[in-house]
Amino acid sequence: MPILVKAASVPPQEALLPPVPEAWAHTRVTITGRNGQGEEIPLTGFGNSAWPGILIQPGATGLDMPSYALFSDEAPNLDGSIYRNARATAREIMIPVYLHGIDRRTVNSLKRDLFRALNPRWGYCVLAFTEGDGSTRTISAYYKDGMEGAEGETAGFTWARYGLQFTAMDPYFYPTRPESIRWRFGTGRPLLSRTAAFYPMKIADGVMGGDGKGLPIENPGDEEAWPVWTLEGPIKSFNLTGPDGASISASPPLDGTDLVPTGRTLTIDTRPGRKTAKDDRGVNYWPRLAANPHFWSISPGSATANISIVTGSGDATVTLKFTPRYASYI
């Protein structure tokens, strides 16, 4: 005998609407020669055929992920290789451009502007890409070739086409402004007070580095970034500890004076190829750091650092600055 089952009510499905695309302006591209100090040449400001200009063409390459060199070891009696590490190599960039002149004089003027901007003897070029949201990323690259020209094939009486080829020794893109975080540490207070109750006991912020908890750091880039620390006295000692436990620290002087006196500023630059620890008067603080300091980097994403500062008789500040590194211009 069949069993009667009440049919379940199925709610009517709502009409699925396609997502609405976000309004987004075109990317603006510019070239600035002479180590970024020359005249800025726009590549996307072409109006119409009534005006001369330089216009980027479809087909640009080398603007997204950089190339990587892989390092490995071969082991006996094992197939294949054992991966060791990888590093990003110099980036090769090609940008096709079209020079449009309303007459012979204007196209020759556009050529000379590019000649002066691209000459690697006068320094690198800064390629800047501004997205529709207003964010700008730049990369420094040296012109290599592409403007040799071929009359009749890639150039005419009032126009020319070139495939500009660059080599970026540093393969990463950078924003125009660094990330900056500033912390203030207060003056230590005496344990016993004539006005406050003995309990609950409180420990000065300056001694424990804020509230004693980890301080959040956000790196929006695609690669690790190397911080530049600025410590403004009075500071007796400090300990800057990264997420992996690596630290940069210095103990108080034996004579009881401040390590960083009032009005003085200690800058610790952890960037590769620099790695310095000097104050605003050029005094080298490297001998005053603890043995084997580890200049740690900030990985992409969210991280937590621990900063412990023992202040002198006044407020001290610590500023962390770093420039995110991006794998692409977007």
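The values are calculated or read from the model by the stated rules, or taken from the named source; none is laboratory data. Note that the structure is predicted; figures quoted are calculated from it, not measured. Methodologically, a virtual Cβ is constructed for each residue, glycine included, from the backbone with ideal geometry; neighbour enumeration extends over all protein chains shown. The protein model used for the area step is the full one, side chains on, heavy atoms only, and it has no ligands, DNA or RNA in it. Shrake-Rupley method; radii C 1.70, N 1.55, O 1.52, S 1.80 Å.
What the table shows:
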item	result
Unit charges on C-beta of K, R, D, E only; dipole of the chain, Debye	960
Alpha-carbon centroids, segment 279-317 and segment 95-147: separation in whole Å	41
At R0 = 45 Å, FRET efficiency that the Cβ-Cβ distance of Thr304 and Thr158 yields, to 0.05	0.15
Fully extended contour minus Cα-Cα distance, from Ser109 to Ser313, at 0.36 nm per residue	67.1 nm
On Cα atoms only, tilt of 104-118 relative to the major axis of the chain in degrees	30
Within the accessible area of the chain (1.4 Å probe), percent carbon and sulfur	54
Selected from Gly242, Thr267, Trp226, residue furthest toward positive end of dipole (segment 221-300; charges at beta carbon)	Thr267
Label of the coordinate-derived value, Kirkwood radius over Cα pairs in Å, listed as (i) 25.1; (ii) 20.6; (iii) 22.9	(i)
Rounded to whole Hz, the Karplus (6.51, -1.76, 1.60) HN-Hα couplings of segment 140-157, x for glycine and proline	9, 8, 9, 5, 10, 6, x, 10, 5, x, 8, 4, x, 9, 10, 8, x, 5
Hz values of 3J(HN,Hα) by residue in segment 85-97 - Karplus curve (6.51, -1.76, 1.60), Gly and Pro given as x	6, 9, 9, 6, 8, 4, 8, 9, 10, 10, 10, x, 10
Estimated FRET transfer efficiency when R0 is 35 angstrom, pair Glu40-Thr267 (beta carbons, to 0.05)	0.70
Helix-only mean residue ellipticity at 222 nm for the chain, each DSSP H run of n ≥ 4 adding -39500 (n - 2.57), per residue, nearest 500	-1500 deg cm²/dmol
Cleavage-rule hits (GluC sites (Glu not before Pro)) in segment 18-127: DSSP loop, at most 13 neighbouring Cβ within 10 angstrom	Glu22, Glu39, Glu74
Probe 1.4 Å, accessible area per residue of the chain, Å²	62
Non-local Lys pairs in the chain, i.e. 8 or more apart or on different chains, that have alpha carbons under 21 Å apart	8
J(HN,Hα) series, segment 262-274, from Karplus relation 6.51 cos²θ - 1.76 cosθ + 1.60, nearest Hz, glycine and proline x	4, x, 9, 10, 9, 10, 10, 9, 9, 5, x, x, 10
